[in-house]
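Take a look at the structure below.
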Amino acid sequence: MGRNEEMEIKISILIVLIKYGWRVRRKKWWCRYPFLPVPPKEWVLWRIETAWGIDSREFGLSKLPPLKTIIKDLFSFGHFLKYVGRY
């Protein structure tokens, strides 16, 4: 696989992740502060708990895995979404 093909795959997975992020955004996000189309906090904490086993009731940034692991896991999830055919 060439460097260009690898970059195209990463871009296509990034697009899939952006579409997924838009799909799970908070309902009526424009009506509540912060005025950003982000998922609800409870949902994000639940995803963190199911992905890495961090208790959502005792969440802290220091408990997250290294950034490299988070990025690798996000791209693995995007790859899964893309090839399952959901996005």
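Each value in this text was obtained by applying a stated rule to the coordinates, not by laboratory testing. Only a predicted model underlies this, so the values are computations on that prediction, with no experimental measurement involved. So basically every Cβ, Gly included, is an ideal-geometry build from the backbone, and we count neighbours across all protein chains shown.
Put in line by how crowded their Cβ is, counting other Cβ atoms within 10 Å and starting with the fewest, 33, 83, 20 read 33, 83, 20.
Straight-line reach from residue 41: which lysines have Cα under 24 Å away, leaving out those fewer than 8 places along the same chain? In chain and number order, the partners are 19, 27, 28, 63, 68, 72.
A crude spin-label estimate for the pair residue 35 and residue 3, with each label 7 Å from Cα along the Cβ direction, gives 4.3 nm. For segment 3-84, a simple Cβ point-charge model (Lys and Arg +1, Asp and Glu -1, everything else neutral) yields a dipole of about 420 debye relative to the Cα centre.
What FRET efficiency comes out for residue 10 versus residue 50 if R0 is 35 angstrom and r is the Cβ-Cβ distance? Round to the nearest 0.05. All intermediate terms of the calculation are to be shown ahead of the outcome.
Values: r = 25 Å, r/R0 = 0.70.
Efficiency computed from Cβ-Cβ geometry: 0.90.
Modelled spin-label separation between residue 59 and residue 81, with each label point placed 7 Å from Cα along the Cα-to-Cβ direction: 1.7 nm.
List the relative contact order of the chain as a percent without decimals, with contacts defined as Cα pairs under 8 Å and 6+ residues apart.
That works out to 32 percent.
Calculated from the structure at hand, log10 I(q)/I(0) by the Debye sum over Cα atoms at q = 0.16, 0.23, 0.25 Å⁻¹ is found among [x] -0.61, -1.21, -1.38; [y] -0.68, -1.03, -1.13; [z] -0.79, -1.21, -1.26 as [z]. In this simple spin-label model, placing a label point 7 Å from the Cα along the Cα-to-Cβ direction at both residue 42 and residue 22 gives a separation of 2.7 nm.
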